[in-house]
1. Would you pick out the residues in region B:616-669 that are of a type in the set (S, T, N, Q) and over 21 Å from B:Val462 (Cβ atoms)?
2. Sort through B:Lys415, B:Lys342, B:Lys402, B:Lys359 and tell me the only one that's touching a residue at least 24 places away in the same chain (Cβ under 8 Å), in contact with a Phe, Trp or Tyr (Cβ under 8 Å, 6 or more places away or on another chain) and either of a type in the set (Lys, Arg) or farther than 27 Å from B:Ser291 by Cβ (or both).
3. Suppose we filter B:Ile270, B:Ile260 for residues that are within 31 Å of the chain's Cα centre (by Cα) and either within 21 Å of B:Ala170 (Cβ to Cβ) or not assigned by TED's automatic domain parsing to the domain that holds B:Asn72 (or both); which single one remains?
4. Tell me which residues, restricted to region A:145-157, are modelled with pLDDT of 95 or more and touching a Ser or Thr at 6+ places or on another chain (Cβ under 9 Å).
5. For region B:40-62, how many residues meet the condition of being outside any strand (DSSP E or B) and either within 14 Å of another protein chain (Cβ to nearest Cβ) or of a type in the set (Lys, Arg) (or both)?
6. How many of the residues in region B:653-695 are surrounded by 22 or more Cβ atoms within 10 Å (Cβ to Cβ) and free of Cβ contacts under 8 Å to residues at least 24 places away in the same chain?
7. Where residues in region B:624-662 are among the small types (Gly, Ala, Ser) and assigned to a loop (DSSP other than H, G, I, E, B), which of them is farthest from the other protein chains (Cβ to nearest Cβ)?
8. Pairs, please: C-beta under 8 Å, at least 6 apart or cross-chain, first residue over 11 Å from B:Glu54 (Cβ atoms) and in region B:194-212, second in a loop (DSSP other than H, G, I, E, B)?
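The values are calculated or read from the model by the stated rules, or taken from the named source; none is laboratory data. Everything quoted here is computed from the prediction, not taken from an experiment. Here the Cβ positions follow ideal geometry from the backbone for every residue, glycine too, while neighbour counts run over all protein chains shown.
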Amino acid sequence: MAIVAKVNGKPVSFEAEPDTPLLWAIREELGMTGTKFGCGIAACGACSVHIDGEITRSCSVPVSDVAGKSITTIEGLAAADGTLTALQQAWIEHQVPQCGYCQSGQIMAAAALLAKTPKPSDADIDAAMTNICRCGTYPRIRAAIHSVAGTSPATAA
Amino acid sequence: MGMIRRTFLIGGAALVGGGIFAVQYGDSSARSQAGKLTDGKDGHNFGTWLRIGEDDTVTLYSPHTDIGQGSNTGLAQMLAEELDADWSKLSVVSAPAESAFANVVLGKGFLSEMSGYPGIIGAMPMSLLGMVARQLNLQITGGSSALRFTGQQGLRVLGAGTRQALIETAAGRLGVPAGELTTADGKVLHAKSGKALRYGELAAEAATRSLSAKVALKDPKQFKHMGKSVPRFDIPAKVNGTAQYGMDVAKPGMRVATVIAAPVRGGKLISVDQKPAMAVAGVEKVISLESAVVVVAKGYWQALKGARALAPKFSDGGHGLISTATIFAEQDKLRAEGKPTKTAGDGDVDTALKAAGVKVIEADYKMPFLHHAMMEPFALTAHYKDGHLDVWGGMQDPLGAKAAAASAAGLGADKVTFHPMLIGGSFGRRLPMYMEIVDQVARVAMQVPYPVKIIWSREEEVSQGAYRPQSSAKLTAALGGDGKIAAWRNDFAQPEDGLREVPFFYDVPAVARRHFKQVSNQTVGAWRSVNATQHGFTTESFMDELAHAAGADPVAFRLRHLKPGRHRTVLEEVAKRSGWGSPLEPGRARGVAMVECFNTIVGQVVEASLAEDGTPKVHKAFAVVDCGTVVNPKAAEGQILGGLVMGLSSGIGEAITLEKGAVQQSNFSDYEVLKLANAPVVDVHFIDSGAEMGGIGEPGLPPATPALANALFALTGKRVRALPIKDQAKA
């Protein structure tokens, strides 16, 4: 039985078996590849999406759980004409990505943080940004979040 | 061949000195083959890597894979600099994985590093070097080589030579002496007459000229593109989800497969009952390979469920008794037998150690296997149709991948096309000689009528790695009454020596660095900065131990053993920038380390404390870097801070351990990678020494771990000699 939900504002109907992780339904059924597979056990965050506004690691949520819910992926952040959000622009401004593979998830995590905490402290950022970046772009991720929030890093870091 | 390419990867010595520049023009057959691939009726190929369109577009066919280090942007800056190209019309694409695009300059670079006789290589004709590069399938990214070899010795020369051909063509058209012509932003200009000719309208004729190898390169004072923090080309697609990696390949009718390989490296598949997998909805096929089982399904989840339902029987290849402990024991035994595989250094260490009045200090260090843990697990797609095999994915060596796929499929190289995709991290892991998935996907594709994508699970990725080898070292030194080191001996055991790659630069009268070659069943890989991680940790930890034994400040003690020169300057600068010696808030301490590799010297100071659970936290880090010349400061800074974070991550928490021949870790849950909360604020400073260009992708990593271990000693008095650090410095 199809599972009906919304992805980036559009109604979708997933045909996947109910236990299929949302990640694979998004990637293989909808063909939207911005959401990445990293670990499969919710440890790395590369697959982060928003479900009804909550940051969620989609590799560990069965597609059956999202019936009737509204999902936002990295593809859904920018405006319909492709205009990037201030957060995405800050990512370019600070030249954050290196290999870039984890950055969809990092940006989704940062967007969720800023939606709830528009002026995050370093401690807020530490607590919210738990996705792994093997290239080690963390210092620039922190700087990009502060710049878009108009906050500054603690001086005594 | 594997050995040769491996040697290149670990090479780090300077290239042919004295400003002799090689030219990547290719021989005539390569040019003609490349031309067929890139020329249209509206564009023209120069020296295989460059195409100028009649519409003035300039395309660089990069022979490197941008793994995320920004090298393609840097290479474009170097080409544009000498060509005087119009930056707005320049783009970079991956060179086709065809032998015409083999990296001749890299061939020259690594052959000279390998032979130790650069004079001979320097005298070799480029056509011969090209032949060698093509035979070795050389299209590699590694050895921090892109800008220092391909850029500096290839693309700058190609840009300058092409610019000269364009000027000569314009001189003929305008009927003026070439000396009256200048170039800027994609045009040849004649100031006297005010006339200008676009590169696009000169390209067809200029491409028929033979390019001169004797071209003057610009003085750094004239640089317009090099040295600028140009935004990287690849970043916009990486913030909106449109960047396409090997994992993202989708083809009509494609199936997805996953793999279970023998848990003990060297083991073979004995038998597998396919039924439990075939009973999983969506599973279509179970394929047995020599040492792995592949489950092919409609999608990844079904393939994974199918694979997990199987209970394949594997042999252990005779390696079932190997463990972390047995490897260390074997290394100790080799040291005790005292027959080194290779020795480097000068002076009579034995006599100096026995001299009257010296204090002899000893320390033993242990380092674990490390996994690359790149964020994108292996994913390759292949389709065999009408006698031709297409392969899509991200590899550090597309030409090598093509050769490996052809060999596995039993096809000629002309029957295989490799399509390079973006790479989600590599750090040395994605090289075809130890990337079994190339072999797997080629073999599976030959057995099925549809395109098939193999994805390795993270569990497979972690437990089937090509690891930084487990290593140990016994360091012994004689400390003289003058507070200086009289003798230094490093007896280290691991697969490779890394002696040329990681120079010992301290001024010590008697040095013996003795390598005891020890191998296990594990696959050895080039892990970011390769052997510099082990040498960096042991040398810089022991320098710190000697400083304390001599009652000296660790920076002052190192300076005692450095003559004026680049190393001394780097150390003094990092001490100054970090406020070395100034008071810190309670519970914090500083540590210092300096390592040279890939012709780049990096000094680092970290400020660390201990968290309540006894694990270290680094608050601030300072890096001073002498890589000769910086092409793109912002991108280079990113590489140094990324390397530093990866170095801290590995030093604090990472280890691959073995039991009964098999890896015990399986995912990020038990292979602990540093997260943002524990990443320091990093200050990176470059010294523009004008020395021969060094690498930038790797040298930021090695000093981080010893700098931290040294800081922890300053903080707690506990010396951590076995990595990872974890909570060993706990009170």
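1. B:Thr629, B:Asn632, B:Gln639
2. B:Lys402
3. Only one candidate qualifies: B:Ile260.
4. Once the filter is applied, which keeps residues that are modelled with pLDDT of 95 or more and touching a Ser or Thr at 6+ places or on another chain (Cβ under 9 Å), region A:145-157 yields A:Ile145, A:His146, A:Val148, A:Ala149.
5. Number of matching residues: 1.
6. 1
7. By that ranking, first place goes to B:Gly661.
8. Here the result reads B:Leu211/B:Val23; B:Leu211/B:Tyr25; B:Leu211/B:Gly47, each pair linking region B:194-212 to a residue that is in a loop (DSSP other than H, G, I, E, B).
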